[in-house]
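Structure record follows, encoded as structure tokens.
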Amino acid sequence: MLSRTADNLYWIARYMERADTVARLLEVGSRISLLPSAHGYRSEWDSLLQATGMARAFAEKYGDPVQRNIESFLFFDRDNPSSIASCITAARENGRIVRTALTSQVWDALNTAFQELKQLEREERSGLELSRLTDWTMRHAAMLRGSIDATLLRDDGYNFLNIGYYLERGDNTARLMDVKYYVLLPRIDYVGSGLDNYQWTTLLRAMGAQRAFHWAYGGDVTAMKIADFLIRNPQSPRSLATCTAGLMNHLCRLAKAFGRETEAQDKARSLAAGIEAATVEAIFDEGLHEFLSRYIAESAQLANAIHASYLSGEMR
Amino acid sequence: MTQFNEMYQGVDVRQPYARLKDWVGHMPQELRSLKQAEAEALFRRIGITFAVYGEGGDPDRLIPFDMFPRVFSGSEWAKLERGIKQRARALNAFLVDVYGRGEIIRAGRIPARLVYQNEAYEKAVAGFVPPKGVYSHIVGVDIVRTGPDDFYVLEDNCRTPSGVSYMLESREIMMRMFPDLFRENRIEPVDTYSEKLRRTLSSVAPGKCKGEPTVVILTPGHFNSAYYEHSLLADLMGVELVEGQDLFVDGEYVYMRTTEGPQRVDVIYRRIDDAYLDPLCFRPDSMLGIPGLMDVYRSGGVSICSAPGAGVADDKAVYTYVPDMVRFYLGEEPILKNVPTWQCGREDDLKHVLSNLPDLVVKEVHGSGGYGMLVGPKATKEEIDRFRLKLAEDPGNYIAQPTLALSTVPTFVDEGVAPRHVDLRPYCLVGERIELVPGGLTRVALKEGSLVVNSSQGGGVKDTWVLAE
Amino acid sequence: MRLTVDHVTRYRYDAPARSVVQSHRLTPSAFAGQKVLDWEVTVEGGTRGARHRDGAGDVVQGWTVAGPVTEVIVRVRGTVETQDLAGVLRGHRETVAPDCYLRETLPTRIDVALADLAGSATGPDRLSLAHALSAAVSDAIAYRPGVTHAHTTAAEALALGEGVCQDHAHALIVCARHRGIPARYVSGYLFATEDGTPHEAAHAWAELFVPGLDWVGFDPANRCCPDARYIRLGSGFDAQDAAPIRGIARGGAGEDMDVTVAVQQSVQ
């Protein structure tokens, strides 16, 4: 297929997954802010923005991290390229360009999200509960995902969509964990405290994984268990293990179909191997933050390799 | 002015429309509104947005769709078909000639100035004969009707006539909404168009191409108002829809950038203007084109459809001479008539035009979309005076034609059903063979009495039926 | 006269270009006034592309260079046997109708001063008129390098009253077309004489269409018609259309160009 078409499909997936994550992030933030804390809710919102790399753009436009402004910034603001509105619009525009590579169900899912977004934008902001906005976003992300799985031909395009999904999801899981561990809990003596556990639970809840976690592990919520669940457990749908396995699977399918391997397969293989080899103990020895930062950096390198090998159109 | 109603002659119904009388008679108002809403929802759902070439406008705009079909009998169509094919042959012969020896000019049948100083004449392709001697592979001929047997050609479109997606989608929607109509009437199918187009494009692959040619559609991009049409045609033909950035020249050939590496391209059905094709040959600032494309084209490494330079045949000033082309190249009498046209650049013609402005339609030679146009009988005195000044200033820029009594077809309006003026654009395919799908784009002026069918000015579309004999 | 040419054009890119595509009119075509003895164009690291003879009779050769590339060197070397035909382009194979060259382009747009200049020339027949027009342009625009640039229009050059061969050719083309004479821009080489006449080895002049003789060259920059010192490369509506090298670099920012041309009389 055309490199540009593959690129558009890949970005549809990345943008929708990102919108989904931003919605989850908003949920984490609003729940954590309900908890009385020593340093007040403001700095917690600020921490969230820091972790996602959007703090500077926010401060320039809005100043203090007031919840109302953060909601605007993360949901509606078109100046913020990672806002839910921006992501959905970009996903739909990418979809419009490659209409012929999509089924009508997939297009419907994208287009409906976009049309409803325009409705939401016209509504009175004070009448919009945050939970309604986040639920709405996650519902549409799931609808798109579902229509892709149910109706799309399992061809190259399907592989590029999935590569986009897994790459973005792995990166986002790492970032969400990093928010919790590194930013939300600035003092080491909080580790293991009631506040710590509450924050972990909130994170699980935002990932829609609270019940799954309890089924899988039972007992108390601990940082070790959660790290195992979100990094190493192949049963967890958002774990890094699941994401890297997904990347490997779809990249290998491409290599087989095209009859050649590229640096993308090499990079994905080493990323997956790194996750598989890491024990929870080793992760905490290295430092969770360091481990996650390394994952995020390697995942970005993989994205570059995928771009150079398939999406740029420059290969010979 | 008496207007020919294609359905009713007094109380009598003309034969092709016979079965539609009951259909419309038995459709209650509520059902009609329901169906109309359904049709619009379908158009919006499939995302068909549309603008006839050069009209611009909102890319997400829907063109109004009128459910009342326009019908031709098999024998009416047979004559139209002969006339359109004849015209398409003559136009292509003209193009090959004026980029070659220019016999028609040497013979004094058409002024050299109109051709060689025409902006659409591309010196860059002089001396080149495209594969199968075809310059214009899709000829869109705009036709109006004034009587049972009177058809006039308003203009020819030899470059990249748009609107064919409306022919295809209107039919799809009508068949979904009114299957009974298609059971009762024997209506020739139009959905063979994409297959015929693909065959036409493949048939003009360059000589250097061995095996099954790779065909692509070149679009200016998803912001273009006709993008839907480009993607529909690509989808129906099963070919890639590319932008300039997806193609590149390497050595003697053109390639597209794919996930598996470069893939050679043999035929480019381009939906961008000549000026943007190749920044090395035409506009150096073009971001849409493919550098080096014209060198590959001229040396027979790739085919471009329509061929660069085809536009010189559909200029409004050249239009006047199409009947002469038919006689000169084919030795036949033209089957379809031209609308009598006065060239305001000629002194005698200008004199006639100036003294008859209230009865004439005056158009810009290079204009399109119904803008920059004077419809004498509908114009105010001020508008006529304004045009008088324009004509005095730059007469060569205008042509004038008599106001034709365009035929009408019953059309759904708020009050029920009423006659509205229509025109017709069939799409003639020219490759190894010359083919015409029985149907076309019927545009209808929805405003009462209006003669302007352009979608930007209150025009809509209808499904166009040709009955099987 | 037997002339040898050594012409090197060097393009440098600050940021490496991903690819470079060029279209060359760098090969002299044969006619009664010139015969090509040997001729070679090379592009370092380039792939020779499609080649054709266009409607104006010029040989057009495409080239592509795969990136990343920071420098492209185009080298032209060859020998041509020339004859003085007093500017007449005899025996040149071409199909473009002369009337094509009545069309205006951006650098050859008419203005009042150019129209006046064109109107000032007189002659009993078209050939004399052509000579008079060429002389009028020579008088109106003094040869002076450095005051005009590649995109200077004929009108601007006339207003300045100074310019180089490109400006002279453009001005003559506008004046001729205004008088109904088809006219075109010609690019080529000029052999350097030692009599002190100003010249440029990479040269340009104009051709005017005179019925009976067909195309005739006029060089207002040197107040003469092309003779045995001239090698003709190609023609077009204006300088851009007749450019010997047209090229585009993808992603190559900050292009810098450097040209050296040597035309010499070769010993037989």
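Answer with one residue from A:114, A:101, A:128: the one whose Cα lies farthest towards the positive end of the charge dipole of segment A:1-151, charges on Cβ with Lys, Arg +1 and Asp, Glu -1. Toward the positive end, the furthest listed residue is A:101.
Could you tell me which residue out of C:64, C:155, C:205 lies farthest along the dipole of chain C toward its positive end? Charges go on the beta carbon: Lys and Arg +1, Asp and Glu -1, centred on the Cα centre. Checking the options against the dipole of chain C, the answer is C:64.
If you keep only loop residues by DSSP, which trypsin sites (Lys or Arg not before Pro) in segment B:59-112 have at most 16 other Cβ atoms within 10 Å of their Cβ? In loop regions of segment B:59-112 (DSSP not H, G, I, E or B), the sparsely surrounded trypsin sites (Lys or Arg not before Pro) are B:61, B:101, B:109. Using the Cβ-Cβ distance between residue B:351 and residue C:120 with R0 = 35 Å, the FRET efficiency computed as 1/(1 + (r/R0)^6) comes to roughly 0.50.
At 222 nm, what value in deg cm²/dmol follows for chain A if DSSP H runs of at least 4 each add -39500 (n - 2.57) and the sum is divided by all its residues, to the nearest 500?
Numbers: 15 runs with 221 residues, N = 316.
Helix contribution divided over all residues of chain A: -23000 deg cm²/dmol.
Model label points for residue C:104 and residue A:198, set 7 angstrom from Cα along the Cα-to-Cβ axis, are 8.0 nm apart. Between residue C:14 and residue B:364, the modelled label-to-label distance comes to 4.1 nm, taking each label 7 Å out from Cα in the direction of the beta carbon. Taking a span of 30 Å or more along the helix axis (Cα atoms) and a mean Kyte-Doolittle hydropathy of at least 1.0 as the rule, no DSSP H helix of chain B qualifies. Length gained on full extension, residue B:385 to residue B:176, computed as 0.36 nm times the residue gap minus the Cα-Cα distance: 70.2 nm. Taking max minus min of the alpha-carbon positions on each principal axis, segment B:284-365 gives extents of 52, 38, 19 Å, largest first.
Taking a quarter of the surface of the Cα convex hull of chain B gives a mean projected area of 23.0 nm².
Gyration tensor over the Cα atoms of segment B:341-402: the corresponding equivalent ellipsoid has semi-axes (square roots of 5 times the eigenvalues, largest first) of 15, 13, 11 Å.
Per residue of B:279-286, how many C-beta atoms from partner chains lie within 10 Å of its own C-beta, taken as a mean? Kindly include the intermediate steps, with their values, before the conclusion.
On the way: counts 4, 10, 5, 0, 0, 4, 0, 0.
Other-chain Cβ atoms within 10 Å of each residue's Cβ, averaged: 3.
Derived scalar couplings between HN and Hα for segment B:238-248 equal x, 10, 6, 9, 10, 9, x, 5, 7, 10, 8 Hz in order, rounded to whole Hz, by the Karplus curve 6.51 cos²θ - 1.76 cosθ + 1.60 (θ = phi - 60°), x for Gly and Pro. Placing unit charges on each Cβ (+1 for Lys and Arg, -1 for Asp and Glu) gives the protein assembly as shown a dipole about its Cα centre, and among A:252, C:97, B:365 the Cα reaching farthest toward its positive end belongs to A:252. Of all lysines in the structure, those lying under 25 Å Cα to Cα from residue B:210, and not within fewer than 8 positions of it along the same chain, are B:132, B:196. Using the Karplus relation 6.51 cos²θ - 1.76 cosθ + 1.60 with θ = phi - 60°, the per-residue 3J(HN,Hα) values for segment B:259-271 come to 5, 9, x, x, 10, 5, 10, 9, 10, 10, 8, 9, 10 Hz, with x marking Gly and Pro. If you wrap the Cα atoms of segment A:154-316 in a convex hull and average its projected area over all directions, you get 10.0 nm².
Rounded is the label for segment C:84-236, because the ratio a/c of its alpha-carbon gyration tensor axes (a ≥ b ≥ c) stays below 1.5. Think of it as helices only: each DSSP H run of n ≥ 4 in chain B is worth -39500 (n - 2.57), and spread over all residues that comes to -8500 deg cm²/dmol at 222 nm. Under a 5 Å amide H cut-off, with hydrogens placed 1.01 Å from N, residue C:233 pairs with C:187, C:188, C:189 among residues at least 5 apart or on other chains.
How many Cβ atoms of partner chains, on average, are near each residue of A:256-263 if near means within 10 Å of its Cβ?
Numbers: counts 0, 2, 4, 1, 2, 0, 0, 0.
Partner-chain Cβ atoms within 10 Å, mean over residues of A:256-263: 1.
Against the 2.2 N^0.38 Å scaling, with N counting residues, where does segment B:78-199 land? I'd like the Cα-based Rg ratio to two decimal places. Don't skip to the end; give the middle numbers.
Details: Rg = 18.6 Å, N = 122, 2.2 N^0.38 = 13.7 Å.
Its radius of gyration relative to the 2.2 N^0.38 Å reference: 1.36.
Pairs of Cα atoms in segment A:1-151 fall into 10 Å distance bins, from 0 up to the last occupied one, in shares of 11, 40, 31, 15, 4, 0 percent. When restricted to Cα atoms, segment B:200-323 yields an Rg and a Dmax of 14.7, 50 Å, respectively. Annotation: lysines with alpha-carbon distance below 26 angstrom to residue A:61 (same-chain offsets under eight excluded): A:118, A:180.
Can you pull the percent of Cα pairs in chain A with separation above 28 Å? Of all Cα-Cα distances in chain A, 41 percent exceed 28 Å. Near residue B:154, the amide H atoms lying under 5 Å from its own belong to B:142, B:143, B:144; only residues 5 or more places off or on other chains count, and H is placed 1.01 Å from N.
Please identify the helices of chain C, taking whole runs of DSSP H, that span at least 15 Å along their own axis as judged from the Cα atoms and have a mean Kyte-Doolittle score of -1.0 or higher. Those that pass (Cα extent of 15 Å or more, hydropathy at least -1.0) are C:126-140, C:165-178. Here the mean projected area of the convex hull built on the C-alpha positions of the protein assembly as shown is 51.3 nm². Cross-link pairs exceeding 32 Å between alpha carbons, from the set B:21/B:447; B:79/B:381; A:225/A:267: B:79/B:381. Think of each Lys and Arg Cβ as +1 and each Asp and Glu Cβ as -1; about the Cα centre, that makes the dipole of the protein assembly as shown roughly 1560 debye. For segment C:17-126, GluC sites (Glu not before Pro) are listed when DSSP marks them as loop and at most 13 other Cβ atoms sit within 10 Å of their Cβ; the list is C:44. For segment A:235-278, the set of trypsin sites (Lys or Arg not before Pro) satisfying both a DSSP loop assignment and a count of at most 16 other C-beta atoms within 10 Å is given as A:260. In order along segment A:251-259, phi translates into HN-Hα couplings of 5, 5, 4, 5, 4, 5, 5, 8, x Hz, rounded to whole numbers, per the Karplus curve 6.51 cos²θ - 1.76 cosθ + 1.60 with θ = phi - 60° and x for Gly and Pro. Counting Cβ atoms of other protein chains within 10 Å of each Cβ in C:45-52 and taking the mean gives 6.
Normalised radius of gyration (Cα atoms, divided by 2.2 N^0.38 Å) for segment C:32-123: 1.58.
Every read-out reported here was derived from the displayed coordinates using simple, explicitly stated rules and does not represent laboratory data. None of these values were measured; they are calculated from a predicted model. Heads up, the Cβs are rebuilt from the backbone with ideal geometry, glycines too, and the neighbour counts pull from every protein chain shown.
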